[in-house]
Amino acid sequence: MATVILGAGIIGTSTAYYLSESNNTDPASIHLVESSPELFASASGYAAGFLARDWFKPALASLGALSFDLHKELAEKNDGWQKWAYSKSTGTSLEESVGKKGEDWLLDGVSRSVAAASTEDKEKGDSRPTWLKGRGRLDVISTGDSTAQVDPLRLCQFLLQACLSRGVHLRHPAQAVSISRTASGSLESIRIASLSESASPPHELTLPCKRLVLAAGAWTPHVHRTLFPLSQTEIPITSLAGHSLLLRSPHWPPPPPASSSSSTSPPSLPPSSLSNILTSPSPPDLPPCHALFTTDPTGYAPELFSRSPGHIYIAGLNSSSYPLPRVPTERVLDPASIATLHKTAERLLGEGLVVEREGVCWRPVTTTGLPIVGPLISSIAKEKGGGRGEGEVEKEEEEGVFVAAGHGPWGISLSLGTGFVVAGMVEGKSGEKELGADITGLGF
């Protein structure tokens, strides 16, 4: 059956990846639709790329573990350390008080390292990153068995290329305009309008659509209102903007030991263009990546992540009031936020830094801290004859329509697990045994 996935970020692309891998769905019947003129222009390409297995509240624990294992499996099967810089990572806290539970860190303006406080038997000790020049006590809060690192942009590029090579269609830039139903109310088709500047007037295309996935990140509520105008359901997702810097440091990767020969020296730094598919060394040669969570005198909680083979990512300045643009390419950076990140980077990383990218992205968040992964439930006013009108409001499941959004800061970490589970739901699977994870607490 024809499947349309609205949103070609990491959640939508992961869903297409696993659905096209199934023997039960023809890849040519899958359509990815993305409205942004630049692919992966928001959190999918601008996030930290930090992965965790057990930093989640109980309702997310099963999906978190599944997704972490799928990240590892995908990397092992496809040379992920080379193609998207997959690496184990050590989580550290620099003079950080870790006492709160779970996902409260995001809205409270503190570090996500508070989530590690709920895990058990975490090794403590000194495991100082070579690139860290800031002083203070350093605690190890997680090891490479439960945390890892990727370059999210390159991971997204890999997933999309795999989908396209199997025959999945990409409609880009384009947006969904309306849906059509059969006489019985089932999905029948969806109308797509091209947003290409060369299409004047905009070209429209009607695609068969029996299964629909809403995975447009922070823009998911807008997509829902466009396609389901009679529904009184409000998808409870808002945007949280986060500024970031992508840096290079003369201290990362670390220099080889003095006794090392040229054959064991670290590879030279790759070109700075983020659009290039870079080459990283094989797993035994990878220098250890670190995630560093700390505090700043200005009152925010910086997060720094080293990536192989040579990037350091710094973020932590979040704002729920920073406006969500029509498309992410219309982003406008806040100079004050960028200046604060520059000062923090200099304080913690020292001199000689090269800034490769200043960015801002919008993460889709919910008030519960839990993503929405499941069938769309609509509140519809019913007419006396049973049709849709202005009568008594009833809740009903929209047949064949699924929502996968609201992952907050964990979109990259939870991406593969979410894609795997949603692909299963699209094919009619249900329950933890069939889907691979317990998502009973993640629906409407």
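Does S29 meet the test of being open to solvent by less than 10 Å² (accessible area, probe 1.4 Å) and farther than 24 Å from R154 by Cα? Walk me through how you get there before you give the answer.
Details: open to solvent by less than 10 Å² (accessible area, probe 1.4 Å): no; farther than 24 Å from R154 by Cα: yes.
Spelling it out, it is not the case that S29 is open to solvent by less than 10 Å² (accessible area, probe 1.4 Å) and farther than 24 Å from R154 by Cα.
I need every pair where a residue in the range 49-75 that is farther than 17 Å from S87 by Cβ and open to solvent by 10 Å² or more (accessible area, probe 1.4 Å) has its Cβ under 6 Å from the Cβ of a residue that is in a helix (DSSP H, G or I) and not charged (D, E, K, R), sequence separation at least 6 or different chains.
Hits for this filter: F56/G64; K57/G102; L66/G417.
Hey, any hits in the range 108-130 for a residue that's at negative phi, in contact with a helix residue (DSSP H, G or I) (Cβ under 9 Å, 6 or more places away or on another chain) and at pLDDT 95 or above?
Checking the range 108-130: not a single residue is at negative phi, in contact with a helix residue (DSSP H, G or I) (Cβ under 9 Å, 6 or more places away or on another chain) and at pLDDT 95 or above.
Pull up the range 133-154, narrow it to residues that are modelled with pLDDT of 95 or more and aliphatic (A, V, I, L, M), then point me to the one that is surrounded by the most Cβ atoms within 10 Å (Cβ to Cβ).
If we take residues in the range 133-154 being modelled with pLDDT of 95 or more and aliphatic (A, V, I, L, M), then V150 is surrounded by the most Cβ atoms within 10 Å (Cβ to Cβ).
State all residues of the range 155-184 that are farther than 13 Å from L6 by Cβ, open to solvent by 30 Å² or more (accessible area, probe 1.4 Å) and not in a strand (DSSP E or B); if no residue qualifies, say none.
Listed by number, the residues that qualify are Q157, F158, Q161, L164, S165, R166, T182, A183, S184.
Looking only at residues in the range 395-436 that are basic (K, R) and outside any helix (DSSP H, G or I), which one is least open to solvent (accessible area, probe 1.4 Å)?
Narrowing the range 395-436 to residues basic (K, R): 395, 429, 433.
Then drop every residue that is not outside any helix (DSSP H, G or I), which leaves 395, 429.
Working: K395: 163, K429: 83 Å².
The extreme case among them is K429.
Pull up the range 39-79, narrow it to residues that are touching an Asp or Glu at 6+ places or on another chain (Cβ under 9 Å) and not hydrophobic (A, V, I, L, M, F, W, C), then point me to the one that is farthest from Y17 (Cα to Cα).
Checked the range 39-79; the qualifying residue farthest from Y17 (Cα to Cα) is K57.
Could we say that F444 is in a loop (DSSP other than H, G, I, E, B) and either under 25 Å from C209 (Cα atoms) or open to solvent by less than 30 Å² (accessible area, probe 1.4 Å) (or both) here? Steps first, answer last, please.
Working: in a loop (DSSP other than H, G, I, E, B): yes; either under 25 Å from C209 (Cα atoms) or open to solvent by less than 30 Å² (accessible area, probe 1.4 Å) (or both): yes.
So F444 fits the description; yes.
Can you spot a residue in the range 222-229 that is surrounded by fewer than 18 Cβ atoms within 10 Å (Cβ to Cβ), β-branched (V, I, T), modelled with pLDDT of 90 or more and closer than 25 Å to A43 by Cα? Steps first, answer last, please.
Residues of the range 222-229 surrounded by fewer than 18 Cβ atoms within 10 Å (Cβ to Cβ): 222, 225-226, 229.
Retained after the next criterion (residues that are β-branched (V, I, T)): 226.
If we keep only those that are modelled with pLDDT of 90 or more too, we end up with 226.
The next check asks that each one be closer than 25 Å to A43 by Cα; those that pass are 226.
Yes, the range 222-229 contains a residue that is surrounded by fewer than 18 Cβ atoms within 10 Å (Cβ to Cβ), β-branched (V, I, T), modelled with pLDDT of 90 or more and closer than 25 Å to A43 by Cα.
Looking only at the range 302-314, count every residue that is in a loop (DSSP other than H, G, I, E, B) and modelled with pLDDT under 95 and tell me the total. Give the steps one after another, and end with the answer.
Applying the first criterion (in a loop (DSSP other than H, G, I, E, B)) to the range 302-314 yields 302, 308-310.
Adding the requirement that they be modelled with pLDDT under 95 leaves 308-310.
Residues in the range 302-314 being in a loop (DSSP other than H, G, I, E, B) and modelled with pLDDT under 95: 3 in total.
Do the conditions hold for E34, that is, is it open to solvent by 10 Å² or more (accessible area, probe 1.4 Å), closer than 20 Å to T206 by Cα and of a type in the set (D, E)?
Details: open to solvent by 10 Å² or more (accessible area, probe 1.4 Å): yes; closer than 20 Å to T206 by Cα: yes; of a type in the set (D, E): yes.
So E34 passes the test.
Among the residues that make up the range 36-43, is at least one of them assigned to a helix (DSSP H, G or I), within 14 Å of W410 (Cα to Cα) and modelled with pLDDT of 95 or more?
yes
The values are calculated or read from the model by the stated rules, or taken from the named source; none is laboratory data. Model, not experiment: these values are computed from the prediction. Cβ: placed from backbone, ideal geometry, glycine included. Neighbour counts: every protein chain shown. In case anyone asks, the SASA skips ligands and DNA or RNA and just uses the protein heavy atoms, side chains included. Shrake-Rupley method; radii C 1.70, N 1.55, O 1.52, S 1.80 Å.
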